[in-house]
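First the structure, in the form of structure tokens, and then the observations on it.
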Amino acid sequence: MNYYFYAYFRNPKVTLHVGSCRFCNNGKGMQPKKLGYLTGRWRGGYASFELALEAAQGFSQDLGVQPVYCQRCFPGVTESNTTQQALSRN
């Protein structure tokens with residue numbers, strides 16, 4: 001299973017996804033090439049959740065935000081929940 005995150009540029013936000021998520025579509029998103037990189041950019045194909053989270057946290061620091069979890073991929077997991085809860089949902 002691969003993991004990705006999407007970095008929104010207009011309203012800074014970094015969201016973690018599982019590759020099979022319909023919003024992620026293995027890093028292609030829902031509308032590949034329609035807007036290019038105007039609104040944001042997919043990162044990943046990370047082999048583990050831990051690697052994706054580490055990369056997302058580093059990128060988030062540059063944007064001045066905390067990473068959040070896609071609620072389709074990680075239902076009920078919020079910023080205040082632990083990484084362990086996110087892992088247990090997959």
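The values are calculated or read from the model by the stated rules, or taken from the named source; none is laboratory data. Model, not experiment: these values are computed from the prediction. Note that each Cβ is placed from the backbone with ideal geometry, even for glycine, and that neighbours are counted across all protein chains shown.
Listed by first and then second residue, the pairs linking a residue in the range 56-78 that is at positive phi and among the hydroxyl-bearing types (Ser, Thr, Tyr) to a residue that is modelled with pLDDT of 90 or more and surrounded by 16 or more Cβ atoms within 10 Å (Cβ to Cβ), with Cβ atoms under 8 Å apart and 6 or more places separating them unless they lie on different chains, form an empty list.
Scanning the range 38-51 turns up one or more residues that are at pLDDT below 90, surrounded by fewer than 18 Cβ atoms within 10 Å (Cβ to Cβ) and part of a loop (DSSP other than H, G, I, E, B).
Selection of the range 52-75 for residues being in a loop (DSSP other than H, G, I, E, B) and of a type in the set (Gly, Ala, Ser) yields only Gly64. Among residues of the range 52-90 being farther than 14 Å from Gly19 by Cα and of a type in the set (D, E, K, R), the one that is modelled with the lowest pLDDT is Arg89. Annotation note: Cβ proximity below 9 Å between a residue of the range 1-13 that is surrounded by fewer than 13 Cβ atoms within 10 Å (Cβ to Cβ) and a residue that is not in a loop (DSSP other than H, G, I, E, B) (sequence gap 6+ or interchain) occurs for Met1/Val18; Met1/Phe49; Phe9/Gly40; Phe9/Arg41; Phe9/Leu63; Arg10/Gly40.
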